[in-house]
Amino acid sequence: METTYKLLDGKKISGEIKQEIAAVVNELLEKGGRRPHLAGVLVGHDGGSETYMASKVKACEEVGFTSSLIRYEDDVTEEELLACVHRLNQDPTVDGFIVQLPLPKHIDEQKIIEAVDPRKDVDGFHPVNVGHLAIGAPGLRPCTPAGCIRMLDYAGIPIEGARAVIIGRSNIVGKPMAMLLLERHATVTVCHSRTKNLAEVAREADILVAAVGRPHFVTADMVKEGATVIDVGINRIAPKTLVGDVDFDAVSEVAGAITPVPGGVGLLTVAMLMENVVQAAKMQRG
Ligand code: NDP
């Protein structure tokens, strides 16, 4: 059947962004600078975390960054992890670093996040960067919502004045997504597990962002004809099968534009991380 929707192709968009970053790295090297350096801290052997970290390391190679990976077993103590964060904060050869989440239950994630030097916080999770985002000051922005905005811009989808509905209010996706859309003058509604008449609210959206973590949560009856649907969800429903939060086949019949999973927002997240590393390097090197 012929499709009428516009596919927001994460591979194409992230590829172009990575090419631009590679050009920036070359410029830096020509001026006698050193390659930006991203370090990653990975605890344990969770399949999802391993995959995400591997894709970040690969992206570093593609754009010409130096990358280093520090691994700990599941039984690492909070003290050991905090000491690692302090070492990375002080290492002048590291421009930015990430501690892959989730962490084992015996470690206080927020404590780790708050120990990161905000200038090296390329995930954009530190309260200083969250605060900067909230007041509209410059800072490192969280990669996934920043990637969603970049996708909308790339596709020429107007944000100013649009009705945006986000399903999900997590600190890493839903809330910063709301702030970024507000910054761009959308009228924003954030839904969550206590929202009443969620389908009705979702149907008002010109831009609908799903960050729920439930396979096929957004069905066609929740989407206004012609709306843009951004699917942040990554759900593993079988060992080798990933699906989003949106029932893609049915929703693409109604949506004006839609992101696929895989091949959508996830790739933009990694590209935005690379951009944050360049920004962090520039901020620290002056
Ligand atoms: P969280 O589990 O932290 O948050 C999920 C949100 O969805 C919560 O706010 C929750 O509401 C809401 N929710 C859950 N069930 C319902 C329901 N039945 N009705 C309405 N709202 C509901 O998830 P994350 O934000 O961390 O991640 C969301 C998804 O995005 C996951 O699939 C994750 O894997 C994916 N992800 C993808 C990334 C990418 O790069 N593409 C990056 C990060 C995440 P409440 O607050 O009330 O509990």
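The values are calculated or read from the model by the stated rules, or taken from the named source; none is laboratory data. From a predicted model like this one, the values you see are computed outputs, not experimental measurements. FYI the Cβ positions are ideal-geometry reconstructions off the backbone, even for glycines, and counts take in every protein chain you see. SASA here: full protein model, heavy atoms, side chains in, ligands and nucleic acids out. Shrake-Rupley method; radii C 1.70, N 1.55, O 1.52, S 1.80 Å.
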Q: Have a look at Ile112, Met272, Gly256 and report the one farthest towards the positive end of the charge dipole of the chain, computed about the Cα centre with Cβ charges (Lys/Arg +1, Asp/Glu -1).
A: Met272
Q. Cross-link partners among lysines for Lys6, C-alpha distance below 22 Å, same-chain residues fewer than 8 apart left out?
A. Lys224
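Report the Stokes-Einstein translational diffusion coefficient (µm² s⁻¹, integer) for the chain, Rh taken as the Kirkwood radius over Cα pairs, at 37 °C with viscosity 0.692 mPa s.
Answer, rounded: 168 µm²/s.
Considering only protein heavy atoms and a 1.4 Å probe, what is the carbon-and-sulfur percentage of the accessible area of the chain?
54 percent
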Q.
At 1.306 mPa s and 10 °C, plugging the Kirkwood radius over alpha-carbon pairs of segment 179-286 into Stokes-Einstein gives what diffusion coefficient in µm²/s?
A. 104 µm²/s
Q: Report the one residue of Ile237, Phe125, Leu208 whose Cα lies farthest in the direction of the positive end of the charge dipole of segment 123-244 (charges on C-beta: Lys and Arg +1, Asp and Glu -1; origin at the Cα centre).
A: Ile237
Q | Alpha carbon convex hull of segment 113-161, volume per residue in cubic angstrom | A | 77 Å³
Q | Sites Gln19 and Asn197, calculated FRET efficiency, Cβ-Cβ separation with R0 41 Å, nearest 0.05 | A | 0.40
Q | Computed lengthening from Glu62 to Ala83, 0.36 nm per intervening residue step minus Cα-Cα distance | A | 4.5 nm
Q: For Lys240, list the aspartates and glutamates whose Cα falls under 20 Å from its own Cα; do not include residues on the same chain fewer than 8 positions away.
A: Asp46, Glu50, Asp231, Asp249
Q: Just reorder Lys105, Lys12 by solvent-accessible area, largest first, 1.4 Å probe, all chains present.
A: Lys105, Lys12
Q) Taking 0.36 nm per residue of separation and subtracting the Cα-Cα distance, what length does fully extending Ser55 through Val128 add? A) 23.6 nm
Q: Quick one: check the C-alpha center-to-center distance for segment 133-199 versus segment 218-246, whole angstrom.
A: 17 Å
Q | Residue-span extension gain [Lys282 to Ala137] - 0.36 nm each, minus C-alpha spacing | A | 50.5 nm
Q: Using Cα positions and a limit of under 27 Å, work out the lysines in reach of Lys111, with same-chain residues fewer than 8 apart set aside.
A: Lys56, Lys120, Lys175, Lys282
Q.
Under 10 Å, Cα contacts only: if you run a Gaussian network model on the chain, which one of Gly64, Gly147, Gly244 comes out with the highest mean-square fluctuation?
A. Gly64
Q: Express as a percent, rounded to the nearest 5, the fraction of DSSP beta bridges in the chain (both residues included) that run antiparallel.
A: 10 percent
Q) By per-residue mean of other Cβ atoms within 10 Å, what is the highest-first order of 207-216, 82-91? A) 207-216, 82-91
Q: Using only alpha carbon positions, build the gyration tensor of segment 51-192, then give the equivalent ellipsoid semi-axes as the square roots of 5 times its eigenvalues, largest first, whole angstrom.
A: 30, 18, 14
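Determine the shape class of segment 1-106: with a ≥ b ≥ c the square roots of the Cα gyration tensor eigenvalues, call it rounded for a/c under 1.5, and otherwise prolate if a/b is greater than b/c, oblate otherwise.
oblate
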Q. For helix 265-285, what angle does its Cα long axis make with the longest principal axis of the chain, in degrees from 0 to 90 and rounded to 10?
A. 40 degrees
Q) Any idea of the accessible area per residue across segment 128-286, 1.4 Å probe, to the nearest Å²? A) 44 Å²
